[in-house]
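Asker: Pasting in a structure now, in structure tokens, and then I'll have a few things to ask.
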Amino acid sequence: MPNAPTPLPDLTLVLGGARSGKSRFAEGLVTALGGPRIYVATSQIWDAEMAERVARHRDDRGPDWRTIEEPLDLRGALRAHAAEGCGLLVDCLTLWLTNLMMADSDVDAETAALVELLPTLPGRVVLVSNEVGLGIVPDNALARRFRDHAGRLHQAVAAVAPRVVLTVAGLPIYAKGRAL
């Protein structure tokens with residue numbers, strides 16, 4: 001009897017601009033699975049305004065989510081918490097990228113290692129990231145490096161993700177794959 005085909009990993013990349021509805025959409029993908037929900041937060045709280053944003057996001061998600069705060073070792077958090085029957089949301093890749101750049105990490109190596117890991121993860125994994133390449137060219141070298149790293153990160157993740165969604169004005173546009 002021939003082997004049954006291996007199902008594609010349940011991996012989704014959700015991109016969008018600021019306030020595009022990407023996080024809400026991604027949370028819906030994880031919630032639709034049922035079962036445990038894990039939110040991997042990559043943000044670092046640098047000021048009172050960011051602390052307020054984090055608290056609001058936590059309140060909006062509600063008590064059914066377990067939050068893991070991991071600004072740098074995203075691969076470690078994914079290996080430790082991705083599991084069959086579990087939904088895991090990473091919010092967001094661009095904050096993780098910022099943290100890597102601020103720590104003088106090798107962004108290209110970290111990106112390659114993340115992309116290698118993603119297809120091996122069990123359960124539903126949804127990655128959120130800000131699409132920053134649609135605007136004007138930034139006026140300083142650091143911002144241009146960030147935009148370029150983000151573009152390469154998104155392309156690499158999109159290449160291995162069976163589903164890529166762009167959110168615009170709260171609406172999902174499926175760039176790759178199909179709706180669940």
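The values are calculated or read from the model by the stated rules, or taken from the named source; none is laboratory data. Just so we're clear, the structure is a prediction, and the values are computed from it rather than from any experiment. Note: ideal-geometry Cβ built from the backbone for every residue, glycine included; neighbour counts use all protein chains shown. Side chains are part of the model used for accessible areas, which takes the heavy atoms of the whole protein and leaves out ligands, DNA and RNA. Shrake-Rupley method; radii C 1.70, N 1.55, O 1.52, S 1.80 Å.
Asker: What full-extension length gain, to one decimal in nm, is calculated for R56 and R79 as 0.36 nm per residue of separation minus the Cα-Cα distance?
Answerer: On the way: separation 23, 0.36 × 23 = 8.28 nm, distance 2.72 nm.
The span from R56 to R79 would gain 5.6 nm if fully extended.
Asker: Tell me what the chain gives for mean residue ellipticity at 222 nm when only DSSP H runs of n ≥ 4 count, each as -39,500 (n - 2.57), the sum divided by the residue total, rounded to 500 deg cm²/dmol.
Answerer: -13000 deg cm²/dmol
Asker: While we're looking at this one, here's another question. Could you tell me what percent of the accessible area of the chain is made up of carbon and sulfur, with a 1.4 Å probe and every protein chain present? The partial results should precede the final answer.
Answerer: Working: 5490 of 9780 Å².
Carbon and sulfur together cover 56 percent of it.
Asker: With springs only between Cα atoms under 10 Å, which of A158, A18, A51 fluctuates most in a Gaussian network model of the chain?
Answerer: It is A51.
Asker: Just grab the label-to-label distance for R19 and Q155, each label 7 Å out from Cα along the Cβ direction, in nm (one decimal).
Answerer: 3.1 nm
Asker: Points 7 angstrom from Cα along the Cβ direction at L171 and R145: gap in nanometres?
Answerer: About 3.9 nm, to one decimal.
Asker: Taking 0.36 nm per residue of separation and subtracting the Cα-Cα distance, what length does fully extending I45 through T67 add?
Answerer: Numbers: separation 22, 0.36 × 22 = 7.92 nm, distance 1.46 nm.
Once the chain is fully extended between I45 and T67, it gains 6.5 nm.
Asker: Follow-up question, since we're still on this one. May I ask you to order 78-84, 31-37 by the average number of other C-beta atoms within 10 Å around their residues, highest value first? Mind showing how you got there, number by number?
Answerer: Values: 78-84: 16.1, 31-37: 14.4.
With the highest mean Cβ count within 10 Å placed first, the list reads 78-84, 31-37.
Asker: Regarding the chain, what are the three Cα extents along the principal axes, ordered largest first, in Å?
Answerer: Cα extents, longest axis first: 60, 35, 32 Å.
Asker: If Lys and Arg each add +1 and Asp and Glu each add -1, what is the summed charge of the other residues whose beta carbon sits under 9 Å from the beta carbon of A41? Mind showing how you got there, number by number?
Answerer: Numbers: positive: R58; negative: E69, E70, D91.
Charge balance near A41 sits at -2.
Asker: Pull up all non-local amide H partners of V40: gap of 5 or more, or a different chain, and H-to-H distance under 5 Å with H placed in the peptide plane.
Answerer: Distant-sequence amide H within range of V40: I68, L89, V90, D91.
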